[in-house]
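Here is the structure we will look at, set down as structure tokens.
FYI, it's all coordinate maths here, none of it is from the lab. All values reported here derive from a predicted model rather than from experimental measurement. All Cβ positions, even for glycine, are placed from backbone atoms using ideal geometry, and neighbour counts span all protein chains on display.
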Amino acid sequence: MCARPLALVVGGSRGIGKSTALRLARSGFDIYLTYHKDDKAASAVSAEIEKAGVICNITAFDVADFKQTEEALCKPMDERAPEVVVFNAGIVRDNLMVMMSREEWGDVISTNLNGFYNVMHAVLFPMIREKRGRIVVVSSTSGEVGQAGQVNYSASKAGLIGAAKALAREVGKKNIIVNAVAPGVIETDMTEGLPMEKILPLIPIQRFGNVEDVSSVIHFLCTERNMYIHGQVIGVNGGLAT
């Protein structure tokens, strides 16, 4: 049996997920990293993780697909239950609601919200069996206050907040701590193209966030330094949503 704890990072090939996986690896976690399509980026992250002296396994699948998720995660997670699960899968398909297609709505809900169900279905039984674990769900400020042009995304991220809070009530007695983080405007490829010059004045701290701002909070929630924060949504937004 490996002495190191295992962290499952869903959506870990770039941005917040990549930064989180690296932080956890440098803290002594073996990493099971999932991604959708970018093989080159995932392989690069895996190599960087292994420089920390830990094991990194990577697997590609569509988190919106229940069967693919089950095939990718059920067996390895049952064989070695993760101590940490970070759900960071997410896509955007922005449009005004009046113009939004069924595909734009459905794609976002399927990945961002249904994907959470698919992953939890694969990991919860092993974690409950071991009576321990930490789950962190990456939501968004858009899920707290809503965002014009992102009704689909806001709905999916608000759903994740409700799901995380409800799940915390279900599994807390099993020694599984569940929280959500709600990043604001973070400089990643998902925020490219936003009118930053219009958004910056709305942020009291007067700068955009970076992935390290978010991954440092996730890391804290995943470690034994956090023993009593449970069922909460931690905003990482520079004051944007306050």
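Going through the range 144-242, which trypsin sites (Lys or Arg not before Pro) have at most 12 other Cβ atoms within 10 Å and a DSSP loop state? Numbers along the way, then the final one.
Details: sites: Lys157, Lys165, Arg169, Lys173, Lys174, Lys198, Arg207, Arg225; in loops: Arg207, Arg225.
Listed in order of number, the matching sites are Arg207, Arg225.
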**Q.** DSSP-loop GluC sites (Glu not before Pro) across the range 142-214, with at most 11 other Cβ within 10 angstrom
**A.** Glu192
Q: List the residues whose amide H sits under 5 Å from the amide H of Asn237, counting only those 5 or more places along or on another chain, with H placed 1.01 Å from N in the peptide plane.
A: Gly184
(Q) For a quick check: sort Asp30, Asp78, Asp213, Asp189 by the number of other beta carbons within 10 angstrom, fewest at the front. (A) Asp189, Asp78, Asp213, Asp30
Q | Value in Å of the Kirkwood radius, where the range 1-86 supplies the Cα pairs that are averaged | A | 12.7 Å
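Too long at a 23 Å Cα-Cα cut-off: which of Lys37/Lys67; Lys37/Lys75; Lys75/Lys131; Lys37/Lys131; Lys75/Lys157; Lys18/Lys51? Show your work: numbers first, answer last.
On the way: Lys37/Lys67 17 Å; Lys37/Lys75 21 Å; Lys75/Lys131 19 Å; Lys37/Lys131 33 Å; Lys75/Lys157 28 Å; Lys18/Lys51 14 Å.
Distance filter (> 23 Å) returns Lys37/Lys131; Lys75/Lys157.
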Q: Principal axes first, then extents: for the Cα atoms of the range 6-236, list largest minus smallest coordinate on each axis, whole Å, largest first.
A: 46, 38, 33
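Just how large is the dipole of the chain about the Cα centre, in debye to the nearest 20, putting +1 at every Lys and Arg Cβ and -1 at every Asp and Glu Cβ?
Values: 25 positive and 26 negative charges, 166 e Å.
In total the dipole reaches around 800 debye.
If neighbour count is taken as other Cβ atoms inside 10 Å, put Ser216, Ser46 in order from fewest to most. Please report the intermediate quantities before stating the final value.
Numbers: Ser216 13, Ser46 20.
Listing Ser216, Ser46 from fewest to most nearby Cβ atoms yields Ser216, Ser46.
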